Amino acid sequence: MFGHARIYGNTLIKSGDWDITPIQVQGSKFYLNMSNHGILKIGCVEHTIPVWLEKYREIAAKYDIIDEAIIEEHWEFIKEFARVYCPAEIKGENNEKK
């Protein structure tokens with residue numbers, strides 16, 4: 001900690017150094033960001049990018065996300081995060097919604 005930083009309540013400080021600022025996106029419903037190396041957080045749900053790619057629709061249904069426009073918008077964001085942070089997961093795949 002530097003300067004006059006103060007930490008209150010249930011503050012969570014995660015580890016990890018970043019060479020560049022991680023991507024952060026405000027979707028129409030949820031905020032998406034890399035909460036740690038390899039972990040994509042959408043709203044308050046965290047999974048690895050491969051899990052998001054494989055189970056996105058299942059996860060969305062679990063949280064009662066049924067608006068197809070929101071599902072499609074966030075699916076496009078997930079693919080962009082995958083392209084940047086784990087391109088091997090999407091190389092050669094057709095990236096159909098799961």
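Computed from the coordinates by the stated procedures, all read-outs in this text should not be read as laboratory data. Because the structure is predicted, anything quoted here is derived from the model rather than measured. Note that we place each Cβ from the backbone using ideal geometry, even for glycine, and neighbour counts take in every protein chain shown.
Ranking request for peptides 36-47, 73-84: highest mean number of other beta-carbon atoms within 10 Å first, then the rest in descending order.
Order by mean packing, descending: 73-84, 36-47.
Beyond 13 Å, what share of the Cα-Cα pairs of segment 24-89 remains, rounded to the nearest whole percent?
Every Cα pair in segment 24-89 considered, those over 13 Å come to 59 percent.
When the Karplus curve 6.51 cos²θ - 1.76 cosθ + 1.60 is applied with θ = phi - 60°, which whole-Hz ³J(HN,Hα) does each residue of segment 27-44 get, with x for Gly and Pro?
Values per residue, Gly and Pro as x: x, 5, 10, 10, 8, 10, 7, 7, 7, 6, 4, x, 10, 9, 10, 10, x, 10 Hz.
Quick one: 3J(HN,Hα) in Hz for segment 46-55, Karplus 6.51/-1.76/1.60 with θ = phi - 60°, rounded, Gly and Pro as x.
Going residue by residue, I get 10, 8, 5, 4, x, 5, 4, 4, 7, 10 Hz, with x marking Gly and Pro.
How far apart, in nanometres, would the label points at Cys44 and Ser28 be if each is projected 7 angstrom from Cα along the Cα-to-Cβ direction?
In this crude spin-label approximation the distance works out to 2.4 nm.
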